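Taking it in order: structure first as structure tokens, then the write-up.
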Amino acid sequence: MSDLSGIDCLASFSPESANLQQWLAYLEALHPSEIDLGLDRLRQVAERLQVTTLPCDVITVAGTNGKGSTVAMLDSVLRHAGYRVGCYTSPHFLHYNERICLEGKPVSDDLICQAFCQIEQARAEISLTYFEFGTLAAFLIFAEQKPDFAILEVGLGGRLDAVNLIDPDVAIVTTIAKDHESWLGSDLEQIGREKAGIFRPNIPALLGAQEMPASVRATAQSLGASCIAQIGQDYRWQPESNKQQWQWQQLNAEGEVTLCYQALPKPALPLDNAATVIQAVQLLNKPVAPKAIYQGLANASLTGRMQRIGRFLLDVAHNPHAAQYVAARLQEQPKTGRRVALLGMLDDKDIESVLEIMAPEFDAWYIAQLSGPRATPVQRVLEKLSQLGCDNCQGFTDVSAALAAVLKDTSEDDNVLVFGSFYTVAGVLAEKERLTP
């Protein structure tokens, strides 16, 4: 990061000559709050920039968990079908450019800086958040580069999120669970209503979980979605007899199978999300051959989601719903040596529930102190683990120190799960060369 900060950053900033790191420091200091939900300010700037629509098909993905997996598999399938695809996701792990990708690769610093310059000039008196600047930059880049598809991941909520400025051609809500409760509340019906705000009249609405608050379907209906397809009712997945493959089925109103893909490769990502991707492909305006679906799912991967590097498994799971998924995946795997956790969490998460789910899975815990005001004190985590009967637990000043201890204390026969936050996984990825001999 630049050494500019606060008032000094704003006073000395020069848009025309700034590099990407200087831009990001400027954006962090520019708006009084990190999150400022609402579309009015953003819409005014987007209108000035003429990016209230995009010259391509748009797929918007919202939800509590599974957004990134869904985006990654959609991207892979569509690129295997021969289409040019742009993806906008957040947050990033190591480099800001990860948020805006074209044809599977992060865009250049120059493209982002050029977009930031255009936004800065257009916004004039209007204040924008760091996330809103990035979202408009993605819109500008996609408008200029003209991919066949733009896949947009909602940052927070749905209805008032910056991504929701653009009308989609297909809208997906993956799951609804408690997270970001200080912004979205703890009422699942209200959370569902907010996330379902991405649905539109005469546009397909996909519900990617079998258990959804009633508000999600009700909102889709009230907004006039052209069709509402929910996993378990309108489409489903089933394991094949060999359990290494699976099949996808589309169902009619009577529950009869009308379309089926058999012997599908098992992706490294959740099958509910994979099934939803196949359903989305059926609803697109452009054809996708079955071969592209098979190849795309087989080759899809996502940083920080069940990502294997040597004896390390990295997953950003930070809420109970995600923890349950990871725990289930661990239970499917044969246990050879010890199973070790490297954990760091933020204080606005349901830490107690996550630990209760994960505690039985590990022989040892290494707790890292994250930085910033939202970081959970290590001692709080250690006390909860002690209450849960976990006696082999240690605390560390940061992720790097925890990783050093894990590397010293474990062998190649052991398995280490790094989880709890994007920051925890990013901290380990920053030292990726240490993870394998």
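Within this structure, Gly158 passes the test of being touching a Phe, Trp or Tyr at 6+ places or on another chain (Cβ under 9 Å), at pLDDT below 95, of a type outside the set (S, T, N, Q) and crowded, with 24+ Cβ neighbours inside 10 Å. The residues listed here are Glu153, Glu103, Glu125, Glu132; of these, the one that is among the charged types (D, E, K, R) and farther than 28 Å from Leu429 by Cα is Glu125. Just need a number here: residues in the stretch 351-381 that are surrounded by fewer than 20 Cβ atoms within 10 Å (Cβ to Cβ) and either farther than 18 Å from Val418 by Cβ or of a type outside the set (A, V, I, L, M) (or both). Residues in the stretch 351-381 being surrounded by fewer than 20 Cβ atoms within 10 Å (Cβ to Cβ) and either farther than 18 Å from Val418 by Cβ or of a type outside the set (A, V, I, L, M) (or both): 14 in total.
This table checks each residue for (1) closer than 30 Å to Glu256 by Cβ; (2) aromatic (Phe, Trp, Tyr); (3) buried (at least 23 other Cβ atoms within 10 Å of the Cβ).
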| position | (1), (2), (3) |
| --- | --- |
| Ile176 | yes, no, yes |
| Gly197 | no, no, no |
| Glu211 | yes, no, no |
| Asp234 | yes, no, no |
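Evaluating Ala328 against the criteria (1) hydrophobic (A, V, I, L, M, F, W, C); (2) surrounded by fewer than 16 Cβ atoms within 10 Å (Cβ to Cβ); (3) within 19 Å of the chain's Cα centre (by Cα) leaves one unmet condition, (3).
From the list Leu140, Leu78, Leu152, Leu102, the lone residue that is under 28 Å from Lys195 (Cβ atoms), in contact (Cβ under 8 Å) with a residue 40 or more places away in the chain and surrounded by fewer than 20 Cβ atoms within 10 Å (Cβ to Cβ) is Leu102. Filtered by the rule that a residue be assigned to a helix (DSSP H, G or I) and of a type in the set (S, T, N, Q), the stretch 246-278 gives Asn273, Thr276.
Applying the condition of being of a type in the set (Ser, Thr, Tyr) and touching a Pro at 6+ places or on another chain (Cβ under 6 Å) to the stretch 49-100 and asking which residue is nearest to Pro287 (Cα to Cα) yields Thr60. Scanning the stretch 307-325 for residues that are surrounded by 17 or more Cβ atoms within 10 Å (Cβ to Cβ) and part of a loop (DSSP other than H, G, I, E, B) returns Arg311, Asp315, Val316, Ala317, His318, Asn319.
Kindly evaluate Asp391 against the criterion of being over 22 Å from Ala317 (Cα atoms), of a type in the set (Asp, Glu) and without any contact (Cβ under 8 Å) to a residue 24 or more places away in the chain. Give the steps one after another, and end with the answer.
Numbers: over 22 Å from Ala317 (Cα atoms): yes; of a type in the set (Asp, Glu): yes; without any contact (Cβ under 8 Å) to a residue 24 or more places away in the chain: yes.
So Asp391 passes the test.
Being outside any loop (DSSP other than H, G, I, E, B) and on the phi < 0 side of the Ramachandran plot holds for only one residue in Ile126, Ile59, and it is Ile59.
The values are calculated or read from the model by the stated rules, or taken from the named source; none is laboratory data. This is a predicted model, so every value here is computed, not measured. No Cβ is skipped: glycine too gets one built from the backbone with ideal geometry, and neighbour counts run over all protein chains shown.
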